[in-house]
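S.K.: The following block contains the structure, expressed as structure tokens.
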Amino acid sequence: MKPMRRDLLGRLQRIFLLASICLLLLIGLLAAQAADLPWASGASLRGLLPAKPLPPSIVLISGHAGNDTGAICSDSAGNILLTEADVNASVARQAADILRLAGKDVMIFDEFDDRLDGLVADVMVSLHADSCVEYSGYKAAHRADNPTGADGRLLACMNERYAQATGLAYHPNTITHDMTDYHAFRRIDPSTPGLILEMGFLGGDQTLLTDGSEQVAQGVADGIECFLAASADDTSTPTP
């Protein structure tokens, strides 16, 4: 009986050793993938572990960034008081922070960012402000050439939520061809929902766009959040 017991004990030891080696290899592979090591990038555990869903990818274009100042507001002596690019950048940063806190993957692009070419994302919104005239109101537009249903949902959500957050009225009479044929619409992948938002006028809405920029940023973030929720459940989409 003693030789049989020794043989059984030996087999159990070998099985335990093999299981320990497999466990160590699995732990090592997981650690390597978590560290984004190149040799581990092709080692997929999709068949062993449930895939972790990626957060929605959002691109905000900070209007005129990296190119020019956009609209400029000056006093009677010609001193520059405000530039559109600065307003756009401030709102873009704050909206990105709000969305990131909600678990979203957000990137801020320059106006003519090279990464726009063929961009595939869950949503792209370009942020701008209108001229220094004493008008008040916001406006938004998607591509005029072959808009998708997703473009329509994005526009409907932004119109609803941005107006609620800012209290601004819709100002459709000043939507221009430069908005409906915005250059980024022709560069991004057709599957990427896109929108250009003129957040208000630097003249009549200056206080809101500067001192109340957090409110403006919240409106942008709310519009995007509404769209992402509506994309998951079309029944919640506002009517355009």
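S.K.: How many nm separate the modelled label positions at His183 and Glu214, each set 7 Å beyond the Cα in the direction of the Cβ?
M.R.: It works out to 3.5 nm between the two label points.
S.K.: Between beta-carbons, use under 12 Å as the cut-off and find the net charge around Ala129, counting Lys and Arg +1, Asp and Glu -1.
M.R.: With Lys, Arg at +1 and Asp, Glu at -1, the net is -4.
S.K.: If I stretch the segment between Leu81 and Val120 completely, what's the gain in nm (0.36 nm per residue apart, minus their alpha carbon distance), one decimal?
M.R.: Length gained between Leu81 and Val120: 10.3 nm.
S.K.: Given R₀ = 41 Å, FRET efficiency for Arg93-Ala144 by Cβ-Cβ distance, to 0.05?
M.R.: The pair Arg93/Ala144 has a calculated efficiency of 0.90.
S.K.: If you count, for each residue, the other Cβ atoms within 10 Å and average over each peptide, how do 78-89, 216-227, 100-111, 199-210 line up from highest to lowest?
M.R.: 216-227, 199-210, 78-89, 100-111
Where a number appears in this text, it was derived from the coordinates with a stated rule and is not lab data. Because the structure is predicted, anything quoted here is derived from the model rather than measured. Using ideal geometry, Cβ is built from the backbone for each residue, glycine included, and neighbour counts are taken over all protein chains shown.
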